Amino acid sequence: MSSNYFNNTRALITGGLGNIGYDIAKSLAEIGCNLDLLDKESDEDNKIQFLKTTYGIDVKLLKYDLLKEKSFSQIKNYYSKKKINLDFIVNNAAFYDETPGWGVDFENEGYEAWIKVMKVNLLAPFFLCQSLERILNKSKKASIVNISSIYGSVAPDFSIYQGTKMNNPAAYGASKGGLIQLTKWLSARLAPRVRVNCISPGGVERNQPQIFKKRYMNKLLLKRMANESDVSNAVKFLLSDQSTYITGQNINVEGGFLTL
């Protein structure tokens, strides 16, 4: 990776204040990439300030709600009116809130929860890319990375959740499977100016119940759960000059989960 490749570049990261999103931000910041972190209303000024002072880059917090259709035209206007260059988009945001019918058993999954999941996990990446295509086209390094999941490719093994309060909703897998296909579609539509790839992480360590982690890791060749840097390093690779001949691909970052 060229040491100065990311100098004077700018990346937009959705869900940029979350666990994975913020680690991606730090990973790009340390190699000189300026950042726009898109998230809902937040007072995380300390996270923004840390990136600025530690890495000496420009960082902006864009407060938009990806559930709202008007956000996409507002984001487009933000870049257009301020004449801000944009080189990279990382579609990392994923739906999670307390909507009834979300994160529950099959029998109780709700219509409204499905709609919200699809809006954030699938519709938002499409309409964000659609809105910012002309701006991305101005960059000679333009690249998009979508964050999907192994459950966009395979069905869950429900036995590993038994005895816990954890679940694996159908809406999640359906939205992430759609995102993998959307990646391929966008890679064809935006070529050759913009590369589009996807990363599908496996389970990330989040202090889950020990019984779940034991069962899950027994399914892994590397015998450990993922951490944020496993994902952010893959993102950095796909945005870098080391991957300029890679587009339309889904890279599984999952410790061998899909091999067995």
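The values are calculated or read from the model by the stated rules, or taken from the named source; none is laboratory data. Just so you know, these numbers come straight off a predicted model, no measurement behind them. All Cβ positions, even for glycine, are placed from backbone atoms using ideal geometry, and neighbour counts span all protein chains on display. Surface accessibility is based on the protein's heavy atoms, side chains included, excluding ligands, DNA and RNA. Shrake-Rupley method; radii C 1.70, N 1.55, O 1.52, S 1.80 Å.
Just a few scattered comments:
- The single residue among Leu67, Leu12 that is touching a residue at least 12 places away in the same chain (Cβ under 8 Å), open to solvent by 20 Å² or more (accessible area, probe 1.4 Å), of a type in the set (A, V, I, L, M) and within 17 Å of Val120 (Cα to Cα) turns out to be Leu67.
- From the list Leu239, Leu222, the one residue that fits, being open to solvent by 50 Å² or more (accessible area, probe 1.4 Å) and of a type in the set (A, V, I, L, M, F, W, C), is Leu222.
- Set Leu128, Leu186, Leu122, Leu179: member being part of a helix (DSSP H, G or I), buried (at least 17 other Cβ atoms within 10 Å of the Cβ), in contact with a Phe, Trp or Tyr (Cβ under 7 Å, 6 or more places away or on another chain) and not charged (D, E, K, R): Leu128
- Long-range neighbours under 7 Å by Cβ, at least six apart or interchain, first residue of a type in the set (S, T, N, Q) within the stretch 156-167, second open to solvent by 50 Å² or more (accessible area, probe 1.4 Å): Thr164/Pro209; Thr164/Ile211; Asn167/Asp105
- Close pairs (8 angstrom Cβ cut-off, 6 or more residues apart or separate chains): free of Cβ contacts under 8 Å to residues at least 40 places away in the same chain in the stretch 244-260, open to solvent by 40 Å² or more (accessible area, probe 1.4 Å) anywhere: Gly256/Leu221; Gly256/Leu222; Thr259/Leu221
- Residue count for the stretch 70-116, restricted to those that are open to solvent by 40 Å² or more (accessible area, probe 1.4 Å) and without any contact (Cβ under 8 Å) to a residue 12 or more places away in the chain: 12.
- Across the stretch 214-236, the number of residues qualifying as in a helix (DSSP H, G or I), touching a residue at least 12 places away in the same chain (Cβ under 8 Å) and out of contact with any Pro (no Cβ under 6 Å at 6 or more places or on another chain) comes to 10.
- Checklist (1) closer than 22 Å to Ile13 by Cα; (2) assigned to a helix (DSSP H, G or I) applied to Ile160, failing item: (1)
- For the stretch 189-213, the set of residues classified as in contact (Cβ under 8 Å) with a residue 40 or more places away in the chain and part of a helix (DSSP H, G or I) consists of Leu190, Ile211, Phe212, listed by residue number.
- The set of residues in the stretch 27-52 that are in contact with a helix residue (DSSP H, G or I) (Cβ under 7 Å, 6 or more places away or on another chain) and outside any loop (DSSP other than H, G, I, E, B) comprises Ser27, Leu28, Ala29, Leu35, Leu37, Lys47, Leu51.
- Condition met for Tyr151 (under 24 Å from Asn19 (Cα atoms), open to solvent by 80 Å² or more (accessible area, probe 1.4 Å), aromatic (Phe, Trp, Tyr) and without any contact (Cβ under 8 Å) to a residue 40 or more places away in the chain): no
- Among the conditions (1) at pLDDT below 95; (2) closer than 23 Å to Ser139 by Cβ, Glu41 misses just one, which is (2).
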